[in-house]
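The values are calculated or read from the model by the stated rules, or taken from the named source; none is laboratory data. The model shown is predicted, which means the values in this text are computed figures rather than measured ones. Virtual Cβ from ideal backbone geometry, glycine too; neighbours counted across all protein chains shown. Surface accessibility is based on the protein's heavy atoms, side chains included, excluding ligands, DNA and RNA. Shrake-Rupley method; radii C 1.70, N 1.55, O 1.52, S 1.80 Å.
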Amino acid sequence: MSLDGPVLALSGGVGGAKLALGLYRVLPPDRLTVVANTGDDFEHLGLSISPDLDTLLYTLSGAANPELGWGRRDETWTFMAALEKIGGETWFRLGDGDLATHVERTRRLAAGETLSTIIDDFRRRLGIAARLLPASDDKVRTCLETDRGWLEFQDYFVRLHCEPAVHRLGFTGSESARPNPDFLNALGAPDLRAVVICPSNPFISIDPILAVPGVRQALHDCRAPVVAVSPIIEGKAVKGPTAKIMKELKLVADAAAVARHYRDFLDIYVADDRDRASFFYPEIPTVFAPTLMTTLEDREALARTVLAVADGLRR
């Protein structure tokens with residue numbers, strides 16, 4: 001292990017990508033590897049869509065829409081307008097520039113390339129020095145048992161706006177999925193500086209990664225410090241339905257519950273300063289710091305905090 005060694009981050013989409021960008025900016029760019037959730041991936045309009053991978057691609061390359069956090073900057077919507085006029089499905093919006101990513105990924109997957117190879121080529125063409133890996137090249141799909149029956153993730157998240165109550169989550173295909181070998185190699189690297197669990201939804205963004213056989217054990221066995229950042233501040237999710245899902249799963253929607261969720265492999269936890277007085281989970285060492293990332297400076301500051309926390313453990 002080395003204080004100049006590589007850093008491995010696990011991330012979902014918008015919230016996780018903020019910290020991933022902070023790490024990318026404060027580290028030597030080629031020292032960062034980001035492993036992305038693919039449980040949100042799905043086929044739509046005949047295209048293979050990878051929302052979290054694409055959010056990370058656009059964020060790390062500086063092409064992300066700054067208002068939405070997802071999609072491309074200066075996007076246009078001619079395709080969607082034309083699709084609507086002829087009665088097509090428009091509940092999942094695909095911008096014109098974003099559409100090019102999906103078309104090219106679909107073409108190359110059909111030609112026999114792996115998702116890992118395609119994403120690696122995309123990130124190089126977009127000028128990203130960090131490595132970006134899907135957790136697995138096999139299909140792992142998040143589904144949710146709700147009061148409206150079992151739903152695929154994008155139906156729940158986008159089409160139904162997270163309205164149904166969630167009773168249980170499942171990860172179709174996870175049992176037979178193989179972890180990305182580069183992911184496992186990174187976890188086992190002797191000079192690995194830290195593993196960072198970004199402040200993504202633990203149930204729908206990080207759990208699909210952990211559901212791939214061998215990943216959770218590899219995290220447990222990892223010699224480098226494993227640090228997680230809370231996605232909950234004062235009982236509310238910074239982004240998305242994290243708190244809602246926790247309550248529906250009969251969990252307390254607070255920062256300590258997220259630390260507890262990761263307890264079998266977590267070495268240290270970073271929670272927001274505003275939770276200092278109410279936080280109680282003595283089993284995991286916890287550091288309190290500003291974790292709300294509204295500016296680029298916030299992202300960099302939190303990245304430095306996370307790395308300092310990890311380095312302090314190693315010393």
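Rounded to the nearest 5, what is the percent of antiparallel bridges among the DSSP beta bridges in segment 81-226? Roughly 85 percent of the beta bridges in segment 81-226 run antiparallel, per DSSP.
Electrostatic tally near residue 42: other residues with Cβ closer than 13 Å to its Cβ, Lys and Arg +1, Asp and Glu -1, net -4. All other residues whose Cβ lies under 14 angstrom from that of residue 301 are scored, Lys and Arg at +1 and Asp and Glu at -1, for a net of -1.
DSSP assigns beta bridges within the chain; of those with both partners inside it, close to 40 percent run antiparallel.
Within the shell defined by Cβ-Cβ distances under 10 Å, the residues around residue 97 carry a net charge of -2, with Lys and Arg each +1 and Asp and Glu each -1.
Taking a straight line from the alpha carbon of residue 244, these lysines sit under 26 Å away, with near neighbours fewer than eight places off in the same chain left out: 18, 236. Ordering 79, 42 by accessible surface, largest first, gives 79, 42; the 1.4 Å probe counts only protein heavy atoms, with every chain in place.
Under the definition of Cα pairs under 8 Å and six or more residues apart, what whole-number percent is the relative contact order of segment 177-315?
Relative contact order of segment 177-315: 23 percent.
Annotation note: GluC sites (Glu not before Pro) in segment 227-315 located in DSSP loop regions with a Cβ neighbour count of at most 13 within 10 Å are 234, 283.
Under the criterion of Cα pairs below 8 Å and six or more residues apart, the relative contact order for segment 223-294 equals 33 percent.
Here segment 209-239 and segment 56-81 have alpha carbon centers that stand 27 Å from each other. Based on C-alpha pairs under 8 angstrom that are at least 6 apart in sequence, the chain has a relative contact order of 21 percent.
The order of 24, 269 by accessible area, most exposed first and with a 1.4 Å probe, is 24, 269.
Taking all protein chains into account, the per residue accessible area for segment 189-287 stands at 40 Å² (1.4 Å probe). Once divided by 2.2 N^0.38 Å, the Cα radius of gyration of the chain becomes 0.95. Rolling a 1.4 Å probe over the protein heavy atoms leaves residue 93 with an accessible area of roughly 120 Å². When both segment 132-186 and segment 1-53 are represented by their alpha-carbon centers, they are found 16 Å apart. The GluC sites (Glu not before Pro) found in segment 21-111 that occupy coil by DSSP, while having at most 12 further C-beta atoms within 10 Å, are 67, 89. Per-atom-type breakdown for the chain gives carbon and sulfur 52% of the accessible area (1.4 Å probe, protein chains only).
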